[in-house]
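Some notes on the structure that comes next.
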Amino acid sequence: MMAADKKQVVHRAGALKQQNKQHKQGKHRSKGELERESRGRVSAKILSKRIRKDLSKLDRKHKLNQIRRQRKDAVLSEKRNLGSKDGPPHLVVLVPLHTGIDIQSALKLIKSDAAAIVHQSEQHNDVFALICPRFKQRWIFISAIVGDFHALLDLAKVADTLLFLVDAQEGWDSYGDYCLSCLFAQGLPTYALAVQGVHTLSLKKQNDAKKNLSKTIKKRFPDAKVFSLDTEQEAAVLLRQMATQKQHHLAFRDQRTYLLAQKADFLPSDETALVGNLKVSGYIRGQTLNVNSLVHIVGHGDFQMSQIDAPADPFPLNPRIIKIQVKKGEHMQTQDGLEDGGVEMEQDLKVLMKADPRVQESLQSEVVPDPMEGEQTWPSEEELKEAEESLTNKGTVVKKVPKGTSSYQAAWIVDDESGEEEDSEDGMEKKDMMDESVSGDENEEDDEEQEEEDLEAMSIVESACDERYDENIDEREDQQMLEKYRQQRQDEMFPDEVDTPQDGLCRVRFQKYRGLQSFRTSPWDAKENLPTDYARIFQFHNFSRTRKRILREREVEEMEGAMVGWYVTVHVCAVPISVLESFQRGAPLVLFSLLPYEQKMSVLNLLVRRHLGNSTPVKAKEEMIVHCGFRRFQAKPLYSQHTSADKHKAECFLRPDTAVVATVYSPIMFPPASVLMFRQRSNGMHDLVATGSLLTVDPDRIIIKRIILSGHPFKILKKTAVVRYMFFNREDILWFKLVELRTKWGCRGHIKEPLGTHGHMKCFFNRQLKSQDTVLMNLYKRVFPKWTYEPYVPEPVPWLRSESLKDVQEVEME
């Protein structure tokens with residue numbers, strides 16, 4: 001019996017035993033089964049992803065090496081083409097950053113190479129070409145005009161290298177620091193630093209000067225190396241460094257063709273000789289130049305081209321080639337000047353392209369608006385009969401109106417009998433206030449008499465320096481600046497607050513304003529109540545998509561025209577004679593080709609920030625000189641906040657602590673492009689006010705101006721309060737009755753009804769007010785920029801001349 005019981009014992013699994021999920025065969029196919037069925041057929045999208053993911057470690061390493069090699073080869077080819085026989089000459093602009101720098105000695109050292117060939121310009125003494133057969137390089141050196149910022153910025157737009165000349169002891173002065181601020185804001189190309197006068201100092205002073213100079217330069221150029229420029233050997237080292245260093249790119253010029261004029265001729269097209277064809281000769285840089293596109297002459301406007309010629313290169317790398325091509329005895333004259341070789345080889349002139357009127361870009365920049373566009377058709381006879389019947393069948397309402405009121409005016413009068421009589425308590429309150437004001441005036445008069453008794457007369461001798469100091473002060477300009485300072489301070493303390501007019505109706509003064517329940521979420525139609533100037537401009541359905549398409553087409557498609565590095569003569573049509581006169585005075589003549597649509601007028605939004613060196617207040621709609629990419633024009637910008645919302649609040653002044661958006665009418669330009677804003681003084685000088693970049697081209701950007709009407713609680717009873725001084729008549733209260741109220745302490749409410757006829761109103765709030773609180777009403781309207789675009793900017797007064805006058809005055813006063 002015991003053995004039988006032991007055999008019947010069976011192990012039973014507990015409740016915590018692991019239960020494995022059973023495999024359900026046949027309800028789905030495995031990955032291997034799917035691959036066997038597809039037999040390797042994979043969609044293109046999956047195939048590309050799989051190849052990218054399934055690269056082995058060795059393949060990924062090879063791919064990275066190939067990308068690195070391609071980039072390195074691109075940099076090397078760019079270095080080799082620049083200044084070689086196949087590319088344009090290396091354009092170097094010398095920029096002195098100190099008034100004590102002798103730029104002529106620097107130019108003399110650069111020309112001192114015995115094996116180099118120098119071509120001196122006849123028109124400009126500070127312009128020459130240098131051909132170095134030993135380095136297989138061609139150079140064009142231009143010295144920037146000291147004090148002329150327009151010329152400096154124009155040369156920096158097209159320069160391959162900027163050679164900054166610094167002082168051995170001070171580095172740069174205030175003028176040099178101002179130049180660097182402008183150049184950094186516009187975009188700095190490749191640069192090099194050279195110092196003069198180090199060897200003239202003693203050994204002890206040389207070490208101290210090098211330490212101080214390195215500290216000064218590190219503030220602007222942290223990783224820059226300074227080269228000495230005192231001997232011929234140091235000049236050769238500097239040339240080799242500029243030839244081999246990596247080139248920095250400026251995006252706005254790499255997308256377009258640009259050219260610096262080496263020679264310009266003018267052929268008048270009418271009897272007055274004020275307008276004609278300008279023949280500009282120079283080297284093509286950036287992109288290929290097509291004769292059917294438009295060109296922009298910096299500072300003068302947009303123009304069409306009629307023809308592109310290919311004269312002989314005046315600065316060949318190997319002059320011996322020219323001896324075979326020209327007659328005997330003429331090879332020596334190719335080295336006499338920049339223009340002589342080109343003049344004598346007119347027989348080799350070739351016409352590359354002539355403009356085709358069917359394909360050529362138009363100069364039309366504005367839309368010609370149709371005044372009848374959008375007008376309604378004349379109503380039919382049936383519609384006129386229905387309108388008459390509706391007027392005759394309309395019920396009549398009897399109202400009490402003033403004498404002489406028309407039927408149209410009577411329809412708008414609100415019939416309200418409440419509040420016709422003024423509250424007696426209000427009258428007593430006003431009487432008490434009048435008594436207090438009279439007593440206050442008497443006390444002020446007594447205080448003034450007491451102060452006059454305490455004062456005594458003293459005689460002070462005025463110096464001659466004070467008289468000379470006052471002679472150079474413009475009192476009118478000082479008064480205007482004082483008024484701007486007061487307005488800016490008032491706007492900072494009480495932003496957007498305005499006084500309610502007492503001599504007129506508020507609903508007439510602010511008839512274009514409206515109330516919004518929420519500035520962030522309330523809708524505002526971008527096409528509502530547009531000004532007539534908007535009928536003259538162009539607009540894109542999708543600006544970013546158009547920009548990408550145009551840039552992609554220029555990268556993929558090969559354009560026909562003059563290639564990069566060719567020496568060409570461009571025939572520009574309908575150019576005023578002032579362009580040639582400016583070039584003859586020494587100003588640089590710079591041409592930029594335009595992308596499609598860049599001659600059309602639109603609304604540009606510029607993201608700018610106040611320059612740290614400028615502290616004077618800048619008011620909205622104040623005339624500014626704007627440098628936007630390759631353009632320079634005058635405009636009166638409108639400032640607004642830079643936010644991601646659909647509405648942007650207008651700013652009365654250019655804020656010093658934040659970035660704002662400046663809106664102007666201007667020709668279209670595709671970003672990226674740098675922006676500099678200057679303000680012209682009464683003496684003709686230009687001060688840098690703000691710097692930034694081009695944000696977008698969008699006429700639908702809604703800029704909202706806000707005004708705040710303020711009132712004061714007169715009587716407070718729980719959540720109800722009587723408010724005064726916001727309006728001064730009953731009609732204004734009824735007009736703005738639907739607009740929401742708020743207070744400075746966060747309460748919200750609305751107008752319930754007017755009290756009396758002197759502007760008192762009963763208001764209801766979400767909680768009880770404090771007696772020291774202020775009741776506010778926000779009103780909004782959309783604002784637009786003014787059409788003040790002017791492409792021609794007058795030349796500024798040299799910066800150093802005015803600064804030297806200030807220094808003389810300070811010395812005389814001391």
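If r is the Cβ-Cβ distance from Gln120 to His199 and R0 is 25 Å, what FRET efficiency results, to the nearest 0.05?
Details: r = 28 Å, r/R0 = 1.11.
Approximately 0.35, to the nearest 0.05.
Compute the accessible area per residue over the stretch 534-679, keeping the other protein chains in place, probe 1.4 Å, unit Å².
Working: 5690 Å² over 146 residues.
With all protein chains present, the stretch 534-679 gives 39 Å² per residue.
Ranked from highest to lowest mean number of other Cβ atoms within 10 Å per residue, what is the order of the peptides 240-253, 356-369? Mind dumping the intermediate values first?
Working: 240-253: 15.4, 356-369: 11.9.
Top to bottom by mean Cβ count within 10 Å: 240-253, 356-369.
Can you tally the net charge around Gly613? Count Lys and Arg as +1, Asp and Glu as -1, for every other residue whose Cβ sits under 13 Å from the Cβ of Gly613.
Values: positive: Arg609, Arg610, Arg679; negative: Asp177, Asp687.
My count for the surroundings of Gly613 gives +1.
Under a crude label model (7 Å from the Cα following the beta-carbon direction), how far is Lys225 from Arg742 in nanometres?
Output for this residue pair reads 6.0 nm.
Given the peptides 728-741, 550-563, arrange them by the average over their residues of other C-beta atoms within 10 Å, most packed first. Intermediate values should be presented prior to the final figure.
Working: 728-741: 18.4, 550-563: 13.1.
So the order, starting with the most tightly packed, is 728-741, 550-563.
Which order do Trp745, Trp787, Trp566 take when ranked by solvent-accessible area (1.4 Å probe, heavy atoms of all protein chains), largest first?
Ranking Trp745, Trp787, Trp566 by accessible area, largest first, yields Trp745, Trp566, Trp787.
Run a plain Debye calculation on the stretch 109-170 (Cα atoms as equal point scatterers, no solvent) and give log10 I(q)/I(0) at q = 0.12, 0.20, 0.26 Å⁻¹, rounded to two decimals, same order as the q list.
Computed log10 I(q)/I(0) values: -0.38, -0.94, -1.20.
Would you mind calculating the gained length between Ala387 and Glu753 on full extension (0.36 nm times residue separation, minus the Cα-Cα distance), in nm to one decimal?
Numbers: separation 366, 0.36 × 366 = 131.76 nm, distance 3.66 nm.
Full-extension gain reported as 128.1 nm.
Work out how much length Asp59 to Val275 would gain on full extension: take 0.36 nm times their residue separation and subtract the Cα-Cα distance, in nm to one decimal.
Result for the pair: 71.4 nm of gain on full extension.
Could you tell me what a quarter of the Cα convex hull surface of the stretch 79-249 works out to, in nm² with one decimal place? If you can, show how the numbers build up before the last one.
On the way: hull surface 39.2 nm².
So the mean shadow area of the Cα hull is 9.8 nm².
Please give the peptides 710-716, 256-262 ranked by average Cβ packing (other Cβ atoms within 10 Å per residue), highest first, as a rough proxy for protection.
256-262, 710-716
Please give the contour-minus-distance gain from Gln768 to Ala74: 0.36 nm per residue of separation, less the Cα-Cα distance, rounded to one decimal in nm. Please report the intermediate quantities before stating the final value.
On the way: separation 694, 0.36 × 694 = 249.84 nm, distance 7.32 nm.
My answer for the length gained is 242.5 nm.
Give me the 1.4 Å probe accessible area per residue for the stretch 79-249, excluding ligands and nucleic acids, in Å².
Values: 7320 Å² over 171 residues.
With the other protein chains kept in place, the stretch 79-249 gives 43 Å² per residue.
Report in % the part of the accessible area of the stretch 79-249 that belongs to carbon and sulfur, leaving out ligands and nucleic acids; probe 1.4 Å. Could you put the intermediate results ahead of the total?
Working: 3650 of 7320 Å².
Answer for the stretch 79-249 is 50 percent, counting heavy atoms of protein chains only.
In the neighborhood of His642, defined by Cβ-to-Cβ distances under 14 Å, what is the net charge if each Lys or Arg adds +1 and each Asp or Glu adds -1?
Result for the neighbourhood of His642: +2.
Under 18 Å from the 7 Å Cα→Cβ point of Thr616, by amide nitrogen: which residues of the stretch 155-186?
From the stretch 155-186, the list is 175, 178-179, 182.
How large is the accessible surface of Lys215 in square angstrom, using a 1.4 angstrom probe and rounding to the nearest 10?
That residue has around 140 Å² of solvent-accessible surface.
For the pair Arg552 and Asp698, how long in nm is the line joining their label points, each one 7 Å along Cα→Cβ?
Placing both labels 7 Å beyond Cα along the Cβ direction yields 2.2 nm.
What distance in nm lies between label points placed 7 Å from Cα along the C-beta direction at Lys31 and Asp646?
In this crude label model, Lys31 to Asp646 measures out at 4.7 nm.
Can you count the Lys pairs in the stretch 164-221 with C-alpha separation below 18 Å, eight or more apart or on different chains?
Details: Lys204/Lys215; Lys205/Lys215; Lys210/Lys218; Lys210/Lys219; Lys211/Lys219.
So the count works out to 5.
In the neighborhood of Ser112, defined by Cβ-to-Cβ distances under 14 Å, what is the net charge if each Lys or Arg adds +1 and each Asp or Glu adds -1? The partial results should precede the final answer.
Numbers: positive: Lys108, Lys111, Arg134; negative: Asp113, Asp230, Glu232, Glu234.
After counting each charged neighbour, the total is -1.
The values are calculated or read from the model by the stated rules, or taken from the named source; none is laboratory data. Worth saying up front: this structure is predicted, and the values here are computed from it rather than measured. All Cβ positions, even for glycine, are placed from backbone atoms using ideal geometry, and neighbour counts span all protein chains on display. Only protein heavy atoms, including side chains, enter the accessible area calculation; ligands, DNA and RNA are left aside. Shrake-Rupley method; radii C 1.70, N 1.55, O 1.52, S 1.80 Å.
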